[in-house]
Amino acid sequence: MDKRFLAILGVIAAIFIGIFIFTQGGNDKGANNSAAKQEATNHVKGQNAKNVTLMEYGDYQCPICGLYEPTIEQVYNKYQKDIQFQFRNLPLVSIHPNAFAAARAAEAAGMQNKYWEMHDKLYQNQNSWSGSNNALNIFKQYAQQIGLDVNKFTADYAKKEVNDAINADLAAFGKTGQEQATPTFFINGKYISNTTLSDDKGTPSVDKFSQQLDAAIAASK
């Protein structure tokens, strides 16, 4: 009698386990479909007459990204008629605890058409907010300085779609097959090593960027 009872319990347990696995499988499939539908961000600037895109995957808290930023700005000013510059989020949160928050600030500013203004503010003032325990308060100050509706900025900053956009960029980077490191550059989808964009001392170089962009422009004709 005891053996029969235990056998019945075993059958019931197996049924419940099967239902659970089936349900979880369905949920996972739905989640994957949802992630697949989320597109990576498309923040671009430049007239792009030569059909060349310089893309950076960057982290607003990354000191090396901050080091590259003035050079990238010079490169953009030189080539803005010929190319477009694109920035995507790659916050390395394991070493930069405020990086994801900064990406949220830029995305939230973009909802009021001030993405690049916030992007620039974050890099120009990187040392001011990187170690803060309440970076959002500092970001609100930047929002006010660049002419945003601060209440809307704060609400947008907390939105799920902002979080999803950043995660979509992370997923898009994962598909490149490159190791997570910032900054990482691509020209028309082709990975460009930072060593080819720097001089012999490892300093970002306008001339080195120019060599790569000139070659891409020539190839696009």
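Structure above, values below:
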read-out: Hits in the stretch 112-147 (condition: under 21 Å from ILE95 (Cα atoms), in contact with a helix residue (DSSP H, G or I) (Cβ under 7 Å, 6 or more places away or on another chain) and among the hydroxyl-bearing types (Ser, Thr, Tyr)); value: TYR123, SER128, SER132
read-out: Selection status of GLU117, more than 13 Å from GLN61 (Cβ to Cβ) and over 15 Å from the mean Cα position of the chain (by Cα); value: yes
read-out: Count of the stretch 170-221 residues which are aliphatic (A, V, I, L, M) and touching a helix residue (DSSP H, G or I) at 6+ places or on another chain (Cβ under 9 Å); value: 8
read-out: Failed criterion for ILE64 (all others in (1) surrounded by fewer than 18 Cβ atoms within 10 Å (Cβ to Cβ); (2) outside any helix (DSSP H, G or I) hold); value: (2)
read-out: Hey, LEU54 modelled with pLDDT of 95 or more and open to solvent by 20 Å² or more (accessible area, probe 1.4 Å) or not; value: no
read-out: Residue that is touching a residue at least 24 places away in the same chain (Cβ under 8 Å) and open to solvent by less than 10 Å² (accessible area, probe 1.4 Å), where the choices are ALA99, ALA40; value: ALA99
read-out: Failed criterion for GLN86 (all others in (1) surrounded by fewer than 20 Cβ atoms within 10 Å (Cβ to Cβ); (2) part of a helix (DSSP H, G or I); (3) not acidic (Asp, Glu) hold); value: (2)
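The values are calculated or read from the model by the stated rules, or taken from the named source; none is laboratory data. All values derive from a computational prediction rather than experimental measurement. FYI the Cβ positions are ideal-geometry reconstructions off the backbone, even for glycines, and counts take in every protein chain you see. What goes into the accessible areas is simple: the full protein's heavy atoms, side chains included, and nothing from ligands, DNA or RNA. Shrake-Rupley method; radii C 1.70, N 1.55, O 1.52, S 1.80 Å.
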